[in-house]
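These notes concern the structure reproduced below.
Any read-out appearing in this document is the output of simple, stated calculations on the displayed coordinates, not a laboratory observation. Just so it is clear, the structure is predicted and the values come from calculations on it, not from any experiment. Using ideal geometry, Cβ is built from the backbone for each residue, glycine included, and neighbour counts are taken over all protein chains shown.
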Amino acid sequence: MILKVKQTFSAAHRLMKHSGLCQNFHGHSWQFVCSFSGKPDCGTGMIADFSKVKAMIETQVRRHLDHASILSKQDPLVHFIHNMSLKMIQIDGEPTCENLVQWIWKKIEDGLVQSGAGKTLKLESIQLWESNSSSVLFEGPDEKPKSK
Ligand SMILES: [Zn+2]
């Protein structure tokens, strides 16, 4: 059975290497859906308590990203944002949907280990939406390339 939790956050980013509008600093109302596999417990009837899963995601991911600037470590804006003491996340590579979903994946994997929830939940995928029409689906670092 798959348990899914959807979260939202607002954040700004820019893609330095993009040749179009996305090279400009701009914001999105992002959404992501984390899918975990597990078996319902005989006693509780639940795979996991939704509130505990959401609390873990809040601690590991959402509170860091919400109203943050998400920038490449190479972006010159990093120094400006840092000097202004504004909220910022620096990631390796361009802060694309594809790279950000992998950052989120690592944080949630860490959260599963730290909270002990990893004993009953396995992270299967994360879908990150940058807009209502654009998203990426990440199925983990070992995901197999899909045939065309
Ligand atoms: Zn964007």
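Things worth noting here:
- ³J(HN,Hα), Karplus 6.51/-1.76/1.60, whole Hz, each residue of region 129-134, x for Gly, Pro: 9, 8, 8, 5, 10, 10
- Given charges at Cβ of Lys, Arg, Asp, Glu: region 48-148 dipole, positive-most of A55, Q90, S69: A55
- Once backbone amide H atoms are built at 1.01 Å from N, S125 has S35 as its partners under 5 Å, excluding neighbours fewer than 5 places away on the same chain.
- Relative contact order for the chain: 27 percent, from Cα pairs under 8 Å spaced at least 6 residues apart, divided by residue count.
- Residue-by-residue Karplus 3J(HN,Hα) for region 24-34, coefficients 6.51, -1.76, 1.60, Hz, glycine and proline x: 7, 5, 8, x, 9, 9, 7, 9, 9, 10, 9
- Residue of H13, H82, H64 that the Gaussian network model of the chain assigns the largest fluctuation, springs spanning Cα pairs under 10 Å: H82
- A full extension of the chain between E109 and H26 corresponds to an added length of 27.0 nm, given 0.36 nm per residue minus the alpha carbon distance.
- In terms of distances greater than 24 angstrom between alpha carbons, the cross-link table entries K73/K119; K52/K119; K6/K107; K54/K106 yield K73/K119.
- Nearest-ten-degree value, helix 97-115 long axis tilted from longest Cα axis of the chain: 40 degrees
- Derived scalar couplings ³J(HN,Hα) [region 136-144; Karplus, 6.51 cos²θ - 1.76 cosθ + 1.60; whole Hz; x for Gly, Pro]: 10, 10, 10, 10, x, x, 9, 4, 7
- At full extension, K73 and S37 could sit 9.6 nm farther apart than now, given 0.36 nm per residue minus the alpha carbon distance.
- Annotation: amide H-H contacts under 5 Å for I89 (H modelled 1.01 Å from N, sequence separation of 5 or more, or interchain): S69, I70, L71.
- Net charge dipole, the chain: roughly 140 debye, given to the nearest 20, about the Cα centre with Cβ charges of +1 for Lys and Arg and -1 for Asp and Glu.
- Listed residues P141, V5, P40: farthest to the positive end of the dipole of the chain (Cβ charges): P40
- Using Cβ point charges alone (K and R +1, D and E -1), the dipole size of region 91-148 about the Cα centre works out to roughly 240 debye.
- Once the convex hull of all Cα atoms in region 13-148 is built, its volume per residue stands at 144 Å³.
- Per residue, the chain reaches -7000 deg cm²/dmol at 222 nm when only DSSP H runs of four or more residues are counted, each adding -39500 (n - 2.57).
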